[in-house]
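Worksheet: the structure to be examined is printed underneath.
Please treat every number below as a calculation from the coordinates, not as lab data. Note that this is a predicted model, so its numbers are computed, not measured. Cβ coordinates were reconstructed from backbone atoms using ideal geometry, including for glycine residues, and neighbour counts include every protein chain displayed.
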Amino acid sequence: MPTWLTDSQYRTVEALFDTVLPGDDLSPGAGEAGGADFVDQTLGAFSFDPPHIWAGGPFSGRRGGEAGFEHWLALGPTEELAWRIRIEGTLGIPEREFNGPVVGWQEQYRVGIAALGDDFDAVDPGEQDRRLAAAREFRALLYGHANEGCYGAPEYGGNHDGRGWAAIGFPGDSQPRGYTDEEVSGRD
């Protein structure tokens, strides 16, 4: 069940991500890899206490050490303000408009998804490409988030089961073990 997106918006984001970062025989598309979960968690970050902005640490537990990424870090006042502006926008709130009005990611997704149509996830790929080509600015935002959702740390919602990492041959975070000199240089 999505945190911030509606079920329909969630399906659209899945389709959008598979359109802007498609899968192939070796790699999942960004939607298939969990990119919609990443966006949903990011857009709804302030639905949680502490907000789901920074995963804790210092280790994920995937390679040893105590798993700490599932413990989210509290934000300082300046961090919270910056992230609220980025995600929610300034919303006409004077304390947020010190640099002028900002349209946040939430509104960009609302407007962008609505412009693409409720049936985006159901139309053929050619029609999806045509619609998305007309939404140039939204496509740029989607592309960045698709990459983050496909290849970022799974704690942020995407990259289910490390599938994005596996597709590019990245073993994932390695702490506390680290990498050997041979692994860093590519000489095995």
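Short-range pairs are left out: with C-alpha atoms under 8 Å and at least six residues apart, the relative contact order of segment 7-185 is 31 percent. The simple spin-label model puts a point 7 Å past each Cα toward its Cβ; for Ala114 and Ser174 those points are separated by 4.8 nm.
Our coupling estimate for segment 151-158, obtained by passing each phi through the Karplus curve with A = 6.51, B = -1.76, C = 1.60 and θ = phi - 60°, is 10, x, 5, x, 4, 8, x, x Hz, Gly and Pro reported as x. Peptides 170-176, 98-104 ordered by packing proxy, namely the average of other Cβ atoms within 10 Å per residue, highest first: 170-176, 98-104. Near the amide H of Trp72, under 5 Å away, which other amide H atoms are found, from residues 5 or more places off or on another chain, if H is placed in the peptide plane? Here the answer is Gly56, since their amide H atoms fall under 5 Å of that of Trp72. Put in line by how crowded their Cβ is, counting other Cβ atoms within 10 Å and starting with the fewest, Leu73, Leu5 read Leu73, Leu5. Taking the inverse of the mean reciprocal distance over all distinct Cα pairs, the Kirkwood hydrodynamic radius of segment 7-185 comes to 17.7 Å. Our coupling estimate for segment 76-90, obtained by passing each phi through the Karplus curve with A = 6.51, B = -1.76, C = 1.60 and θ = phi - 60°, is x, x, 5, 4, 4, 4, 4, 6, 5, 5, 4, 7, 8, x, 7 Hz, Gly and Pro reported as x.
Karplus-based coupling profile of segment 117-124, in residue order and whole Hz: x, 4, 9, 3, 5, 9, 7, 5, with θ = phi - 60° in 6.51 cos²θ - 1.76 cosθ + 1.60 and x standing for Gly or Pro.
Taking other C-beta atoms within 10 angstrom as a stand-in for reagent exposure, Phe38, Phe69 fall in the order Phe69, Phe38, fewest first.
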